[in-house]
Amino acid sequence: MPTYGRLDVAFAKGQGAWLTDTQGNQYLDALSGIAVCNLGHCHPAVTKAVQDQAETLIHTSNFYHIPLQTQLADKLTQVSGMEQAFFCNSGAEANEAAIKIARKYGHSKGIDKPVIIVMDGSFHGRTMATLTATGNAKVQVGFDPLLPGFVRVPYNDLDALRMAIGHWPEAVAVLLEPVQGEGGIKVPDSEYLAGVRSICTQRKLLMMLDEVQTGVGRTGQWFAFQHNETVLPDVMTLAKGLGNGVPIGACLVAGSAVGVLQAGNHGSTFGGNPLACSAALAVLETIEKDDLCQHVTTLSDQMLQSFKNKLGDRDGVKDIRALGFMFGIELSIPCGDLVRLALAERLLINVTADKVIRLVPPMIINAEEAELIVEKVSKLVLTFLSSHAVESVA
Ligand SMILES: Cc1ncc(COP(=O)(O)O)c(C=O)c1O
């Protein structure tokens, strides 16, 4: 089905931050398959883990114990401080699990029609429940009736959240991204997540963080909530970078969310199978062994500074922001065309929320590749802006 507007290129192979197309041309990848191939393409540790596991055992069923799944749950809970994990195959599915947990938690408190508070500008997936939770009308149009039980508030606004909770006694959970990815790399104020945490604790609501895009090292911490020491969510969802391209998602719980789902309440045929778990374990081991979170933090600061030096004063550049390896360069005009222009320059980028250039390069890039991304993107932006009449922006 024509569900994707595809660019006119196909890739035949990849290595690190580089992809080769079917004609043999090489591209620098600053998108990582949309924040998925965080260790770069065909990372040897992941490739070996998958090869070995494919020769040993690919799939059994969740009818039986799966030691690699247990090992992965142990590792994820150790690095996150969460307590238990459920495994699935994608970000949308991980969020479906979170939504089911919120509703069941509500029912356990005698709330028949639980309400989940979600955010403007959010993205949580394309299934019916997750597109209902998503704060973007484009994703929802044509799919009415949406699900009941969701209330939306502005992102990064604690007063609005307090008011909504006051207005909706059936509220049981708040679902949000620590940085809005699809919404335009929106980094909230540094105290926002701690504020949400304390409101949720006071009002006995579950704090549910969608770390599908921000998680597994991307922001320079294992998980984005760890930038603030006082925050531990009740529910956290993961996917994307967890398997470096091998499909796997996870929903982790702590505190009041532990024990909500019991045997028979949820499941997935493929979820947490040995092959996917072997890939995810290799990803986590590599991030730890190579100290990639620190690497991301160091390079991110350098790249952000370099972007600011090259573009900061330019009319038409509204904002340049980053948390770790999530970069957003916001222009004052729509700039979707830049994706095609970058492709012609053998660079993979993305534009989201119409005016925001999104860069989510692999965590393993070296300083030279990082500077090459900055140079290429800056040149493209300057050429693009000078070819469009841009009013001076205040
Ligand atoms: C924050 C967030 N949540 C959920 C999803 C959905 O993930 P998937 O496409 O794996 O279902 C995405 C995908 O972009 C995302 O960025």
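Near E288, once Lys and Arg are set to +1 and Asp and Glu to -1 for all other residues with Cβ below 14 Å from its Cβ, the sum equals -2. Ignoring lysines fewer than eight residues from K379 along the same chain, the ones with Cα atoms less than 20 angstrom from its Cα are K308, K310, K318, K355. At the residue level, Y4 shows approximately 150 square angstrom of accessible surface with a 1.4 angstrom probe and all protein chains present.
Of all lysines in the structure, the ones whose alpha carbon falls short of 19 Å from that of K240, not counting any fewer than 8 places away in one chain, are K75, K186.
When every Cα-Cα distance of the chain is counted in 10 angstrom steps from zero, the calculated P(r) takes the values 5, 23, 32, 26, 12, 2, 0 percent.
Have a look at the DSSP beta bridges in the chain and tell me what percent are antiparallel, nearest 5.
65 percent
Applying both filters, DSSP loop and at most 14 other Cβ atoms within 10 Å, to the GluC sites (Glu not before Pro) of the stretch 173-212 gives E191. Partners of K113 within straight-line reach, counting lysines whose Cα lies under 30 Å from its Cα and excluding those fewer than 8 residues away in the same chain: K100, K104, K138, K204. Put the Cα centre of the stretch 110-164 next to the Cα centre of the stretch 258-285 and the gap is 26 Å. With helices as the sole contributors, the chain gives -11500 deg cm²/dmol at 222 nm; each DSSP H run of n ≥ 4 counts as -39500 (n - 2.57), and the sum is divided by every residue. A probe of 1.4 angstrom, applied to the heavy atoms of all protein chains, finds V235 with accessible area near 0 square angstrom.
Here the stretch 44-289 has 55 percent of its accessible surface on carbon and sulfur atoms, given a 1.4 Å probe and all protein chains in place. Per residue, the chain exposes 45 Å² of accessible surface when a 1.4 Å probe is rolled over the protein heavy atoms with every protein chain present.
Taking a sphere under 14 Å around the Cβ of G91 and counting the other residues whose Cβ falls inside, with K and R at +1 and D and E at -1, yields a net charge of -3. Ligands, DNA and RNA aside, L382 has an accessible area near 60 Å² when probed at 1.4 Å.
Here the contact order of the stretch 44-289, divided by its residue count and restricted to Cα pairs under 8 Å and six or more residues apart, works out to 30 percent.
Each Lys or Arg adds one and each Asp or Glu subtracts one; over the other residues with Cβ under 12 Å from the Cβ of G106, this totals +4. Think of the chain as a dipole: +1 on every Lys or Arg Cβ, -1 on every Asp or Glu Cβ, centred on the Cα centre; then among S32, A370, T298, S32 lies furthest on the positive end. Under the rule a/c < 1.5 gives rounded, and otherwise a/b versus b/c splits prolate from oblate, where does the stretch 263-394 land using the Cα gyration tensor? Note, shape of the stretch 263-394 comes out prolate.
Anisotropy class assigned to the stretch 102-207 is oblate, per the alpha carbon gyration tensor with a/c at or over the 1.5 cut-off and a/b no larger than b/c. When you filter the chymotrypsin sites (Phe, Trp or Tyr not before Pro) in the stretch 23-76 for DSSP loop state and at most 15 other Cβ atoms inside 10 Å of their Cβ, you are left with F63, Y64. Of the chymotrypsin sites (Phe, Trp or Tyr not before Pro) found in the stretch 216-284, not one falls in a DSSP loop while having at most 11 other beta-carbon atoms within 10 Å. Among the DSSP helices (H) of the chain, those spanning at least 24 angstrom by Cα along their long axis with an average Kyte-Doolittle hydropathy of 0.0 or more are 367-386; this is a geometric and hydropathy rule only.
The values are calculated or read from the model by the stated rules, or taken from the named source; none is laboratory data. Note that this is a predicted model, so its numbers are computed, not measured. So basically every Cβ, Gly included, is an ideal-geometry build from the backbone, and we count neighbours across all protein chains shown. With ligands, DNA and RNA removed, areas are computed over all heavy atoms of the protein, side chains included. Shrake-Rupley method; radii C 1.70, N 1.55, O 1.52, S 1.80 Å.
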